[in-house]
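The structure appears below as structure tokens.
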Protein chains: 2
Amino acid sequence: MGRKPATLKDVAALANVSRATAARALNNYGYVGDETAQKVQAAAEKLGYRGNRLAQALRNGQLPIVGCILGDIQNPFFARIAHDIEVVARQSGYNLVIGSSEEELDQEMSLLASLQALSIRGFIVAPTSADKNVHLQGLITDNIPLVLIDRVAKGIECDSVVVDNEGGAHKAVRYLIGMGHRRIGLLQDDMRIFTSRERMSGYRAALAAGNISLDERLVAVSQSTVEHAVDATIRLFSQKTPPTALFTVDSLMTQGALLAFRSMGISIPHHVSLIGFDDFNLATFTDPQITVVSQPVSEIGRAAAQLLFDRLSGKSHPLRKIRFETKLIIRGSVSHCSAA
Amino acid sequence: MGRKPATLKDVAALANVSRATAARALNNYGYVGDETAQKVQAAAEKLGYRGNRLAQALRNGQLPIVGCILGDIQNPFFARIAHDIEVVARQSGYNLVIGSSEEELDQEMSLLASLQALSIRGFIVAPTSADKNVHLQGLITDNIPLVLIDRVAKGIECDSVVVDNEGGAHKAVRYLIGMGHRRIGLLQDDMRIFTSRERMSGYRAALAAGNISLDERLVAVSQSTVEHAVDATIRLFSQKTPPTALFTVDSLMTQGALLAFRSMGISIPHHVSLIGFDDFNLATFTDPQITVVSQPVSEIGRAAAQLLFDRLSGKSHPLRKIRFETKLIIRGSVSHCSAA
DNA sequence: AATGTGTGTGAGATCGATCTCACACAGTCT
DNA sequence: AGACTGTGTGAGATCGATCTCACACACATT
């Protein structure tokens, strides 16, 4: 059939009024006679009229869509955040466009540009790079609401929601040191990424506090996927004198480490102790259960969305930078270091 | 500063030509003098001109966005699919709007309506209900490209990508029967959902083929979250004569079952055998590793996106209904039934 | 009677890109 | 010379909703 959706003109025609009057009746503003208003309502009803958001957006310069650029939707951490943002967005009558930067700066930039070309005003971004951020700076100077999530970027003054990465990492490593470990490995993500830097610095600080000097050979850089983490773990533990404990900076990498240990016949916690940053569903299914630094994942997306919609609704708050605390959840993957 | 993005008019003014000529130069169509074209290009460059997609969309009736309505992005199955769709979309210059129906028909319908109001033409939907689908029928009659994914809907004639749910479930249950099990539990999702029905029917068929009559008390209905599945499993196994084996219809529910068994002190595979539909990352981390029916997850999203973009590009294919096979991956969570 | 205020309505401009149409000029053909 | 084709350009309409403005009428105030 291909019947076109009804336009305001159609409604106006059916109600025998002008477009202007129809618009007034439907959006109730200005003066409209009661009787006229009823006629218009009836006509709209009958035609199943739904305003064309595109046309509305063209006039007022803004689409009821928020853009969300995350590292990777497949990471349960980001999936949860995306879900929570969508819930809040829906309540405000917004839809959510999701883009995955795949931790590539180029992709992040082109994604952002294409969303801006859509007149989307309102972004939640987990920036790939802590330094290179002209594109984000552009949003700020254009006065487009932006909330940074999970990561902040140097020199970008805007609302943000992060967790205490450094503190979390510090707690984990301090705990390992307390259990007698001195050769503590770090499986980390690309150093361009803010969280990776912060967790690294927590690791360093804890080592320093324990009078342990940093051994570069115990630090492996991977990407945040199970597969990459498996390889990196195997490299790390194929050395002559491997670490006695490992700290992994995100849950996918923790899972990769688990897989690697299994394939290498390394048993937790007897041969190696393990702590991962970010809790995950199956951390309690494994034997032993995995000790982790947990973040309040369920709060992050909601908080970020709240900040964004507060901005979008025009309230002019001062900048708000939310930082959540992390919690060390002790389970069974860490034991006292036997090999001194 | 708030500098507005440059418009075609600005470019035209800078190049000293009319808007029409500028448009011709930038989109190269019609006649344009070489020299004029260069001037326009230069002006566009200088102003950093990017066409306003909204205005373009208003004219040609279609936004470069595809809508994607899935059950739940937090389910790794859907997260993977969303990711793959986004990759294909990006290649075609499209962005992806993701909506989560949360398995509520109302939400699915209102989400769809709001995306249609945005002039989005092109949807990938995992319909909540196998029966109620006027909204989908509406897309069809309006000739809006639609691809159903993971699930089909009665009477909706369009491209689709599903897996052989019935066959997969049949394989799993037949295997359990072959191992001597006769009291085989089913932990399933809401019966409105297509996959749930099909997997149920595979379960029935396999029982029938094994001359086992269906015992309603062995069938638990849950929702597709870890939490709900835990409860349902506990109920199922708190009966006087609980099942000796369990078949779960998706990976979150499999994880829920695992958690429930752990909390009840039920050991796999000694006390109970387990097979889950849909493989998951940690299925090989647990001890024992979990036997599953795997679907080619990495193919599904890509295939669906391909079908959609073929339609969007105007080629008029006949309907294409893709059905992928499933594979029974035997690991260690099933043992011979000791209790006859 | 003149002026003012509150109410109700429509014509037309606007947002930005695109497309149709008309027009103008060069060169070619009868 | 007159008619025609090919090339190049601009004015204006269009998509749909909204908003400004002008106008019109009713009633109240001086």
Quick one: check the C-alpha center-to-center distance for segment B:253-307 versus segment A:200-264, whole angstrom. 27 Å
Heads up, segment A:165-295 by the C-alpha gyration tensor (a ≥ b ≥ c square roots of eigenvalues; a/c under 1.5 rounded, else a/b over b/c prolate, else oblate) looks rounded
Roughly how large, in nm² to one decimal, is the mean projection of the convex hull of the alpha-carbon atoms in the protein assembly as shown? 35.9 nm²
Positions from segment B:92-113 whose accessible area shrinks by 20 Å² or more when the full protein complex is built, not the chain alone, probe 1.4 Å: B:Asn95, B:Leu96, B:Val97, B:Ile98, B:Ser100, B:Glu102, B:Gln107, B:Leu111, B:Ala113
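Sum up the charges of everything whose Cβ sits under 13 Å from the Cβ of A:Ala82, counting Lys and Arg as +1 and Asp and Glu as -1, but leave A:Ala82 out.
Net charge in that neighbourhood comes out at -3.
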Can you report the principal axis dimensions of segment B:31-84 using only the alpha carbons, biggest first, rounded to whole angstrom? 55, 23, 18
Can you tell me the orientation of helix A:105-117 relative to chain A, as the angle in degrees between its alpha-carbon axis and the longest Cα principal axis, to the nearest 10? 10 degrees
Please build a GNM for chain A, connecting alpha carbons under 10 Å apart, and tell me which residue among A:Asp310, A:Asp189, A:Asp278 fluctuates the most. A:Asp310
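What percent antiparallel are the DSSP beta bridges of the protein assembly as shown, to the nearest 5? Please report the intermediate quantities before stating the final value.
Working: 7 of 73 bridges.
Roughly 10 percent of the beta bridges in the protein assembly as shown run antiparallel, per DSSP.
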Just to confirm the numbers: B:Tyr29, label point 7 angstrom along the Cα-Cβ line, distances to the other copies in nm, shortest first? 3.4
Would you mind working out the accessible area per residue for the protein assembly as shown, using a 1.4 Å probe, and quoting it in Å²? 43 Å²
Provide the gained length on full extension for the span B:Asn16 to B:His270, in nm with one decimal, where the gain is 0.36 nm per separating residue minus the Cα-Cα distance. 83.2 nm
Mind listing the label-point distances from A:Gly178 to the same position on all other copies, shortest first, one decimal in nm, points 7 Å along Cα→Cβ? 5.2
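For chain B, what does the relative contact order come out to in percent, with C-alpha contacts under 8 Å and a separation of six or more?
Relative contact order for chain B comes out at 16 percent.
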I want the local charge near B:Arg262. Using Cβ-Cβ distances under 15 Å, sum +1 for each Lys or Arg and -1 for each Asp or Glu among the other residues. -3
Calculate for chain B the 222 nm mean residue ellipticity that helices alone would give, adding -39,500 (n - 2.57) per DSSP H run of length 4 or more and normalising by residue count, nearest 500 deg cm²/dmol. -13500 deg cm²/dmol
What size of dipole, in debye to the nearest 20, comes out for the protein assembly as shown about its Cα centre when the only charges are +1 on Lys and Arg C-beta atoms and -1 on Asp and Glu C-beta atoms? 920 debye
Taking Cα centroids, how far is segment B:42-85 from segment A:147-198 in Å? 33 Å
What quantity of accessible surface, computed with a 1.4 Å probe and excluding non-protein components, is buried in total between chains B and A, in Å² to the nearest 100? 4700 Å²
Nearest 10 degrees, 0 to 90: helix B:76-91 Cα axis against chain B principal axis: 20 degrees
Find the relative contact order for segment B:119-195 and round it to a whole percent, using C-alpha pairs within less than 8 Å whose residues are 6+ positions apart. 33 percent
Distance between segment A:92-146 and segment A:1-40 - C-alpha centres, whole angstrom: 37 Å
Sequence of B:Ser313, A:Ser160 when ordered by accessible area, the most exposed leading, probe 1.4 angstrom: B:Ser313, A:Ser160
Find every distance from the label point of A:Gly93 to the corresponding label point in the other copies (7 Å from Cα along Cα→Cβ) and write them in nm, one decimal, shortest first. 3.2
If the only charges are +1 at each Lys and Arg Cβ and -1 at each Asp and Glu Cβ, what is the size of the charge dipole of chain A around the Cα centre, to the nearest 20 debye? 620 debye
Please give me the summed charge of the neighbours of A:Gln62: other residues whose Cβ is under 11 Å from its Cβ, Lys and Arg +1, Asp and Glu -1. +3
Over segment B:251-309, with every protein chain in place, what whole percent of the accessible area is carbon and sulfur at 1.4 Å, could you tell me? 48 percent
Dimensions of segment B:104-218 along principal axes (Cα, Å, largest first)? 56, 24, 17
C-alpha long axis of helix A:297-312 to longest principal axis of chain A, angle in °: 40 degrees
Would you list, by chain and number, the lysines whose Cα falls below 21 Å from the Cα of A:Lys321, excluding same-chain residues fewer than 8 positions away? A:Lys132, A:Lys154
Given a 1.4 Å probe and every protein chain left where it sits, what share in percent of the accessible area of segment A:8-51 is carbon and sulfur? 45 percent
Cut-off under 22 Å on the C-alpha distance; same-chain residues fewer than 8 positions from A:Lys171 excluded. Which lysines are left, in chain and number order? A:Lys327
For chain A, modelled as a GNM with alpha-carbon contacts under 10 angstrom, which of A:Phe194, A:Phe285, A:Phe324 fluctuates the most? A:Phe285
Can you tell me which of B:Ser18, B:Ser101, B:Ser201 moves the most in a GNM of chain B? Springs connect C-alpha atoms under 10 Å apart. B:Ser18
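The values are calculated or read from the model by the stated rules, or taken from the named source; none is laboratory data. As the structure is a prediction and not an experimental result, all values here were calculated from the model. Cβ: placed from backbone, ideal geometry, glycine included. Neighbour counts: every protein chain shown. Accessible surface areas use protein heavy atoms only, side chains included; no ligands, DNA or RNA. Shrake-Rupley method; radii C 1.70, N 1.55, O 1.52, S 1.80 Å.
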